[in-house]
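Scroll down for the structure; my scribbles are underneath it.
The values are calculated or read from the model by the stated rules, or taken from the named source; none is laboratory data. Just so it is clear, the model here is predicted, and its values are computed rather than measured. Here the Cβ positions follow ideal geometry from the backbone for every residue, glycine too, while neighbour counts run over all protein chains shown. Ligands, DNA and RNA are excluded from the accessible area calculation, which covers all protein heavy atoms including side chains. Shrake-Rupley method; radii C 1.70, N 1.55, O 1.52, S 1.80 Å.
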Amino acid sequence: MKLWSILGGFALSFWTTILFSNTVNAQSQIPVNWTVLAQNISDPDLLGQLQKAFNNFVETGQVWALLIGLVVGYLIRNLTSYG
């Protein structure tokens with residue numbers, strides 16, 4: 001519930017900023033905040049980037065830290081829960 005309220009607050013703040021922005025780009029009538037939506041993409045190979053990131057995740061040993069953290073967290077949750 002707390003996560004949803006944080007995400008809702010962020011979304012409300014984001015859209016309020018976009019809709020009520022008084023800053024206007026000098027070249028057009030589009031607010032400056034909308035320029036974030038139009039970006040230059042230098043490497044459009046999304047699946048290749050995901051594979052490269054996953055391989056780095058495994059090679060650096062972070063996958064083991066994730067698995068150990070999940071197991072330890074599960075054990076602590078079960079040991080400290082009531083009922």
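For the range 50-72, indicate whether the set of residues that are at pLDDT below 85, aromatic (Phe, Trp, Tyr), open to solvent by 90 Å² or more (accessible area, probe 1.4 Å) and more than 19 Å from the chain's Cα centre (by Cα) is non-empty.
Just the residues of the range 50-72 that are at pLDDT below 85, to begin with: none.
There is no residue in the range 50-72 that is at pLDDT below 85, aromatic (Phe, Trp, Tyr), open to solvent by 90 Å² or more (accessible area, probe 1.4 Å) and more than 19 Å from the chain's Cα centre (by Cα).
If the requirement is being among the small types (Gly, Ala, Ser), surrounded by 10 or more Cβ atoms within 10 Å (Cβ to Cβ) and modelled with pLDDT under 65, which of these qualifies: Ser13, Ser28, Ser21?
Values: Ser13 fails: modelled with pLDDT under 65; Ser28 fails: surrounded by 10 or more Cβ atoms within 10 Å (Cβ to Cβ).
After ruling out the rest, the residue left standing is Ser21.
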